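Asks: One structure follows; several queries about it will come next.
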Ligand code: GLU
């Protein structure tokens, strides 16, 4: 295998010139303003190195990638009883589907579709005011990234709240089934802010490293979660991390991953690396087009796959 830096430089250079980059998400007005030409890659390794290419130091809206951090916190709160309120099956439908929720009587399919993530947020909110829960989630992202400079973008949070009709519908629906314990507006206040956390690829790759190393932060030696829990979160990322494009992502990339409509993807190569990519143009399933191709190229060339050598 060539050196990791040279590998990233090659993959970045091959894709950077590409015209077909997908469409930037417009349903959150603030996200529609982002330059479609941005493209960054970062890979963090258990040895403590971080390799970067392109716009890897520019912060972007992590959106649904925050669901990984909030799931980690919710499991810390409730342990396996969380699974009484959220399922663990791929959804095969859009990330904000209401139809499925009706069929399944208010129990969302998995923690990575919006409804499931809103339940996880409700769990983290227990015993707190919304601003304290937002603080806890932000501090967790800062802790695992080992970087206190990470912030929430208040304009993105406001923009999402102003247009969050579907998320309000999902939350109200779950409340009707008794699956939210707090008022809808409080839960969504937290949810919109967690989605508006802004991180660079470098920060995000570092933040994901605990999932690649059996739950501990290799540099500081601090334990975040058990190795069993890290494996399970990875399993959910593999099966559910890309909405109804999860099967295709597993087929092409072969690694657990979580995407967000801001155009970021966090992928985990267990034992090897945590990888973050960002390009705001999305494919038909709402996943970063260039980001998915970059991960496919990196995984293939590095020989990283959870399915075999
Ligand atoms: N904040 C977005 C929403 O709830 C997250 C969607 C995503 O990144 O997939 O609509």
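Asks: Based on the mean of other Cβ atoms within 10 Å per residue, sort peptides 8-21, 258-271 so the most packed one is first.
Replies: Descending mean neighbour count gives 258-271, 8-21.
Asks: As I understand it, the value is the acute angle between the Cα axis of helix 184-195 and the longest principal axis of the Cα atoms of the chain; what does it come to in degrees, rounded to 10?
Replies: Between helix and principal axis, roughly 10 degrees.
Asks: Divide the volume of the convex hull of the Cα atoms of segment 87-143 by its number of residues and quote the answer in cubic angstrom per residue.
Replies: It is 100 Å³ per residue.
Asks: A follow-up question, please. What ranking do 294-301, 190-197, 48-55 get when scored by the average of other Cβ atoms within 10 Å per residue, highest first?
Replies: 190-197, 294-301, 48-55
Asks: For a test of the definition: using alpha carbon positions, the gyration tensor, and the 1.5 limit on a/c, classify segment 1-96 as rounded, prolate or oblate.
Replies: oblate
Asks: Same structure again: Using only the Cα atoms, what convex hull volume per residue in Å³ does the chain have? It would help to have the intermediate numbers written out before the result.
Replies: Numbers: hull volume 34.4 nm³, N = 309.
Looking at the chain, the number lands at 111 Å³ per residue.
Asks: May I ask you to derive the relative contact order of the chain, considering only C-alpha pairs under 8 Å and at least 6 residues apart, and to give it as an integer percent?
Replies: 27 percent
Asks: Once the Cα atoms of helix 130-145 and of the chain are each reduced to a long axis, what angle between those two axes, in degrees from 0 to 90 to the nearest 10, is obtained?
Replies: It is inclined by approximately 20 degrees.
Asks: Here is a further query. Alpha carbons only, please: Rg and Dmax for segment 127-179, in angstrom.
Replies: 14.3, 40
Asks: Could you tell me what a quarter of the Cα convex hull surface of segment 228-296 works out to, in nm² with one decimal place? Intermediate values should be presented prior to the final figure.
Replies: Details: hull surface 16.1 nm².
Over every viewing direction, the Cα hull of segment 228-296 projects on average to 4.0 nm².
Asks: Rank-order 33-40, 216-223 by packing density, defined as the average count of other C-beta atoms within 10 Å over each peptide's residues, highest first.
Replies: Working: 33-40: 17.0, 216-223: 13.5.
Descending packing order for the listed peptides: 33-40, 216-223.
Asks: I need the Debye-formula profile for segment 89-242: one equal scatterer per C-alpha, no solvent, reported as log10 I(q)/I(0) at q = 0.11 1/Å, two decimals.
Replies: Summing over Cα pairs of segment 89-242 leads to -0.46.
Asks: By how many degrees, between 0 and 90 and to the nearest 10, does the Cα long axis of helix 201-212 differ from the longest principal axis of the chain?
Replies: The two axes meet at around 80 degrees.
Asks: Over the Cα atoms of segment 133-222, each weighted equally, I'd like the Debye log10 I(q)/I(0) at q = 0.19, 0.24 Å⁻¹, rounded to two decimals.
Replies: Values, matching the q order: -0.89, -1.08.
Any read-out appearing in this document is the output of simple, stated calculations on the displayed coordinates, not a laboratory observation. Note that the structure is predicted; figures quoted are calculated from it, not measured. Positions of Cβ are backbone-derived with ideal geometry, glycine not excepted, and every protein chain shown enters the neighbour counts.
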